[in-house]
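What follows is one structure encoded as structure tokens, with my remarks underneath.
Only the coordinates and a few stated rules stand behind these numbers; no lab work does. Source: prediction; values computed, not measured. Heads up, the Cβs are rebuilt from the backbone with ideal geometry, glycines too, and the neighbour counts pull from every protein chain shown.
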Amino acid sequence: MLRRRLWMPLLLANILRHICRTIDSCAGGRNVTFACEHRSAMRKGILMLLLAAMSGSAAAEWVELGGNEAAATYAESDTIRKAGAIVTMWHLVDYAKARGIEGIEPYSSVKMLAEYDCELERTRTLYVDLHSDNMGAGAVLGSVTEPGHWRPIPPDTLVDTLRAFACWRP
């Protein structure tokens, strides 16, 4: 992930250099002030793009895969681990309104580590955390650490979308 964040600034810096050289060569000695003014404005614009790309890469870890007015489901692609046909991946369910379970404070999001069998199209939950705030933030209100049983994945469901995302991700 660190490598992915480092190549973007280098790429944008090279694009900036190329664009500035192009502006200078197009000016061809005529109206150099005009070219320099545009070069400065272009640098500012590209710098803003660079900063947006860098901040976006930090927030780009969760990918929304589905949802409705009650909840949205996200997958964290950086956590995908493959071992043959078995794949593990963290995903998160973010609720619009806090939910409650008897004996536990209301929670606003659930983070789960799931395991998928890509060949047999089945899944099981390995770990669950209930969070007080949205997007897995806030206090952990409860956890389930015992792996669940393997169960088949019904086609055309959100779990099937999660499985496909985890299994076919390079």
Report the semi-axes of the equivalent ellipsoid for the range 53-170 in whole Å, largest first, where each axis is √(5λ) for an eigenvalue λ of the Cα gyration tensor.
23, 18, 13
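Among 127, 74, 116, what is the fewest-to-most ranking by other Cβ atoms within 10 Å? Write out the running numbers ahead of the final one.
Numbers: 127 17, 74 22, 116 26.
Result, fewest neighbours first: 127, 74, 116.
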